[in-house]
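Student: Got a structure for you, questions after.
The values are calculated or read from the model by the stated rules, or taken from the named source; none is laboratory data. This one's a predicted model, so the numbers in the text were calculated from it and none came from an experiment. Note: ideal-geometry Cβ built from the backbone for every residue, glycine included; neighbour counts use all protein chains shown. These area figures cover heavy atoms from the full protein model, side chains too; ligands, DNA and RNA do not enter into them. Shrake-Rupley method; radii C 1.70, N 1.55, O 1.52, S 1.80 Å.
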Amino acid sequence: MKQTSENIFKCFATVFTVAILFMSCGDQYERVGEEAVKPIFPQGVAQNFTLTYTESKEELSSQDSSQSRVIAVLKSPISEDFDNQSFKFRTFPEGLTVDFFDEKNQKSVISADYGIVYSQTNLIDLRGNVVIETHDGKKLETPQLFFDRKNNWIFTEETFTYTNPEDGTVMDGEGMDFNKDFSFFKAHKTYGLMTIKEEE
């Protein structure tokens with residue numbers, strides 16, 4: 001009986017010692033960089049998302065739509081709404097397509113594999129296979145592009161290929177900015193082959 005009591009006491013002492021060791025070994029590792037970033041979650045997720053931007057010459061009532069004009073239609077398979085963050089934004093993790101309409105209702109299209117819309121700064125960040133095709137056939141291809149909605153200004157610091165069927169040119173470069181209808185276009189650096197269509 002005495003032997004059994006001693007064994008029970010030794011087992012209890014061992015378990016107690018191990019428990020104290022585990023409790024005293026707290027995680028003192030200080031996480032920095034990406035490890036320190038806390039995960040964030042969207043307040044809402046929408047599938048088959050469509051957002052229509054309109055403008056009007058004068059203020060309208062909620063029932064009046066006759067004087068408004070569609071200026072853009074954004075479509076995406078999935079939209080994640082992060083308006084629950086202090087710096088509000090919306091992501092399009094499976095890509096997006098934006099149809100732009102000018103005053104003559106001519107359509108230009110922007111598509112990308114991924115997009116972020118920053119609500120507070122009116123800036124759109126497009127990434128991955130970004131392609132702009134204008135109504136008159138001009139085409140721009142780049143890995144990343146920013147669109148400033150407030151100033152109607154588009155820019156990138158990445159490489160790009162710009163094709164203009166009007167004069168038959170293909171331009172490669174790095175870094176550029178332009179307005180939304182390509183009437184002003186500034187390439188920071190051009191290189192590679194430029195093809196110019198010869199007149200017959």
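Student: So which GluC sites (Glu not before Pro) in segment 77-120 are both in a DSSP loop and have at most 11 other Cβ atoms within 10 Å of their Cβ?
Tutor: Numbers: sites: E80, E94, E103; in loops: E94, E103.
Those satisfying the criteria are E103.
Student: Then there's this: How much length is gained on full extension from S56 to W153, taking 0.36 nm per residue of separation minus their Cα-Cα distance?
Tutor: Details: separation 97, 0.36 × 97 = 34.92 nm, distance 2.07 nm.
Roughly 32.8 nm would be gained on extension.
Student: About the Cα centre of segment 94-141, what is the dipole size in debye to 20, counting +1 per Lys and Arg Cβ and -1 per Asp and Glu Cβ, all else neutral?
Tutor: 80 debye
Student: P(r) tail for segment 127-167, what percent of Cα pairs lie past 12 Å?
Tutor: Everything past 12 Å amounts to 61 percent.
Student: What is the local net charge at E174, summed over the other residues whose Cβ is closer than 14 Å to its Cβ (Lys, Arg +1; Asp, Glu -1)?
Tutor: -3
Student: Rolling a 1.4 angstrom probe over the protein chains, ignoring ligands and nucleic acids, what is the accessible area of V70 in square angstrom, nearest 10?
Tutor: Its accessible surface works out to 60 Å², give or take rounding.
Student: Moving to a separate point now. Taking loop as defined by DSSP and a crowding limit of 13 other beta carbons within 10 Å, which GluC sites (Glu not before Pro) in segment 108-195 fit?
Tutor: Here the sparse-neighbourhood loop sites are E166.
Student: Here's a follow-up. Amide H to amide H, which residues 5 or more places from H188 or on other chains are under 5 Å from it, using H placed in the peptide plane?
Tutor: Answer set, sorted by chain and number: E174, M176, D177.
Student: Given 10 Å bins starting at zero, what is the percent of C-alpha pairs of segment 64-127 in each, up to the one with the largest pair distance?
Tutor: 20, 43, 30, 7
Student: Counting other Cβ atoms within 10 Å of each Cβ, which chymotrypsin sites (Phe, Trp or Tyr not before Pro) in segment 102-164 have at most 11 and sit in a DSSP loop?
Tutor: Hits after loop and neighbour filter: nothing returned.
Student: Let me ask you something else. Suppose the Debye formula is applied to equal point scatterers at every Cα of segment 102-173; what is log10 I(q)/I(0) at q = 0.17, 0.20, 0.23 Å⁻¹?
Tutor: So the normalised log intensities work out to -0.68, -0.91, -1.12.
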